[in-house]
Amino acid sequence: MITSLLLDAADAELEDWGPLDEATGAPMATHGLEVWVDGDSSAGIWQCAPGPSRWTLETHEVIYLVAGRMTVTPDGGEADDIGPGDVAVFPKGWTGTWDIHETVRKVYSIF
């Protein structure tokens, strides 16, 4: 089942999740599909329109970028460009910015 989810992640039909709360510029539309939930842990597919945003994570998150491109900059750290096929880990308490250059679609796990 996990393999088919990853293969279908690029084309999965997503629900409108409204504008991104973390956006620091113009509103950024988000869409998603939650595929598993267990208490505070979840996994799914998330898509977001381009723009800048600021994050303070209250959970751990692992992402696999399916489409799009963004630059992630932790507070006090170096910027990293993330694109399709990249995996990134954001530990609980991570703070910084995500500058989404092209609509991104990611598979995520929050725990």
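The values are calculated or read from the model by the stated rules, or taken from the named source; none is laboratory data. Computed from a predicted model, the values in this text were never measured in an experiment. With ideal geometry, Cβ positions are generated from the backbone for all residues, glycine too; neighbour counts draw on all protein chains shown. Heavy atoms of the whole protein, side chains included, go into the accessibility calculation; ligands, DNA and RNA do not. Shrake-Rupley method; radii C 1.70, N 1.55, O 1.52, S 1.80 Å.
Here is how the number arises for the chain: DSSP H runs of 4 or more residues each give -39500 (n - 2.57), the sum is divided by the residue count, and the result at 222 nm is -1500 deg cm²/dmol. Couplings for region 38-55, taken from phi via the Karplus curve 6.51 cos²θ - 1.76 cosθ + 1.60 with θ = phi - 60°, read 8, x, 8, 9, 7, 8, x, 10, 9, 10, 9, 6, x, x, x, 8, 10, 10 Hz in order; Gly and Pro are left as x.
With protein chains left intact and a 1.4 Å probe, residues in region 58-111 average 51 Å² of accessible area per residue. What the phi angles of region 9-17 give under the Karplus curve with 6.51, -1.76 and 1.60, with θ = phi - 60°, is a coupling list of 4, 5, 10, 4, 6, 10, 8, 6, 9 Hz, glycine and proline written as x. Loop-resident trypsin sites (Lys or Arg not before Pro) (DSSP state other than H, G, I, E or B) in region 2-101 with no more than 14 further Cβ atoms inside 10 Å of their Cβ: Lys92.
In this structure, the amide hydrogen of Trp94, modeled 1.01 Å from its nitrogen in the peptide plane, lies closer than 5 angstrom to those of Leu57, counting only residues at least 5 positions away or on a different chain. With a cut-off of 18 Å on the backbone N, the residues of region 74-111 near the modelled label site 7 Å out from Glu15 along Cα-Cβ are 106-110.
Using a Debye calculation, one point per C-alpha and no hydration shell, please list log10 I(q)/I(0) for the chain at q = 0.12, 0.14, 0.23 Å⁻¹ in order. Calculated log10 I(q)/I(0) at the listed q: -0.38, -0.53, -1.54. In the elastic network of the chain, a GNM with C-alpha springs shorter than 10 Å, the most mobile of Val72, Val87, Val37 is Val37. Residues whose amide H comes within less than 5 Å of that of Asp86, counting only those at least five positions distant or on another chain, are Leu65 (H built at 1.01 Å from N in the peptide plane).
Among the GluC sites (Glu not before Pro) in region 1-82, those placed in a DSSP loop whose Cβ has at most 16 other Cβ atoms within 10 Å are Glu13, Glu22, Glu58, Glu78. Backbone amide hydrogens, once placed in the peptide plane, bring Thr24 within less than 5 Å of Ser53, Arg54, excluding anything fewer than 5 places away on its chain. Taking 0.36 nm per residue of sequence separation and removing the Cα-Cα distance, the Asp75/Ala88 pair yields an extension gain of 3.1 nm. Karplus-derived 3J(HN,Hα) values for region 90-103, using 6.51 cos²θ - 1.76 cosθ + 1.60 with θ = phi - 60°, are 10, x, 3, x, 4, 10, x, 10, 10, 10, 7, 8, 9, 2 Hz; glycine and proline are entered as x. Near Ile110: Cβ cut-off under 11 Å, other residues only, Lys/Arg at +1 and Asp/Glu at -1. The net charge is -4.
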